[in-house]
Amino acid sequence: MSQRRVPRDAAKEAWWREQVQVQAQSGLTVRAYCRQQQLSEPSFYAWRKELAKRDQERHPLDAAAAPTPSAPSVRAAQATRPTFTEVILTSPATVSSAAVSPIEIILTAGQRILVAPGFDAPTLQAVLAVLEHPRC
């Protein structure tokens with residue numbers, strides 16, 4: 001007996017992608033954004049996780065995939081592709097040196113890192129390594 005899959009609703013996926021993107025750019029916490037938009041917070045988190053999973057399925061980081069002779073540059077790009085999916089400014093950037101915006105890094109597993117101006121690069125690199133390859 002085979003399982004039947006329910007077809008994906010492209011409109012619903014697009015709507016949730018927009019909500020996740022707008023929340024990330026809003027500077028609001030998920031809780032505040034969901035409250036403001038009258039969204040279910042658990043649904044928001046579930047969709048954000050599902051969208052990250054779908055993106056991972058569409059663009060696997062598996063460098064050991066069967067190579068295609070016509071696309072060596074694609075294989076090289078996949079082998080070096082970073083594990084985070086987005087870098088989003090949390091507020092509009094300005095050209096003034098006095099107002100430099102922090103950036104938010106969202107990893108494929110959903111972890112978020114807010115990086116302030118003047119961050120210590122080796123520390124950030126160590127944090128990313130732990131998040132990408134937990135020892136637990």
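The values are calculated or read from the model by the stated rules, or taken from the named source; none is laboratory data. Values in this document were obtained by computation on a predicted structure and should not be read as measured data. When we count neighbours, we look across all protein chains shown, and the Cβ atoms used for this are built from the backbone with ideal geometry, even at glycine. What goes into the accessible areas is simple: the full protein's heavy atoms, side chains included, and nothing from ligands, DNA or RNA. Shrake-Rupley method; radii C 1.70, N 1.55, O 1.52, S 1.80 Å.
As an exercise, use a Förster radius of 25 Å and the Cβ-Cβ distance of Gln37 and Arg4 to find the FRET efficiency, rounded to the nearest 0.05.
Working: r = 33 Å, r/R0 = 1.32.
E between Gln37 and Arg4, to the nearest 0.05, is 0.15.
Rank these by accessible area, largest first, 1.4 Å probe: Leu39, Leu51.
Working: Leu39 35, Leu51 10 Å².
Reading off the accessible areas and sorting them downward yields Leu39, Leu51.
Keeping all protein chains in place and using 1.4 angstrom, which order do Tyr45, Tyr33 fall into by accessible surface area, from largest down?
The most accessible residue leads, giving Tyr45, Tyr33.
Just read off the accessible area of Leu107 with the full protein assembly in place, 1.4 Å probe, to the nearest 10 Å².
Spelled out: Leu107, probe radius 1.4 Å, area about 10 Å².
Probe radius 1.4 Å, ligands and nucleic acids left out: which of Arg8, Arg112, Arg54 has the largest accessible area, and how do the rest follow?
Values: Arg8 115, Arg112 70, Arg54 25 Å².
These residues rank, largest area first, as Arg8, Arg112, Arg54.
Let me cross-check Val115: its accessible surface, 1.4 Å probe, with only protein heavy atoms counted, in Å² to the nearest 10?
Here the accessible area works out near 10 Å².
Quick one: net charge around Gly110, please, counting Lys, Arg +1 and Asp, Glu -1 for every other residue with C-beta under 9 Å from its C-beta.
On the way: positive: Arg48, Lys49, Arg112; negative: none.
Combined, the nearby Lys, Arg, Asp and Glu give +3.
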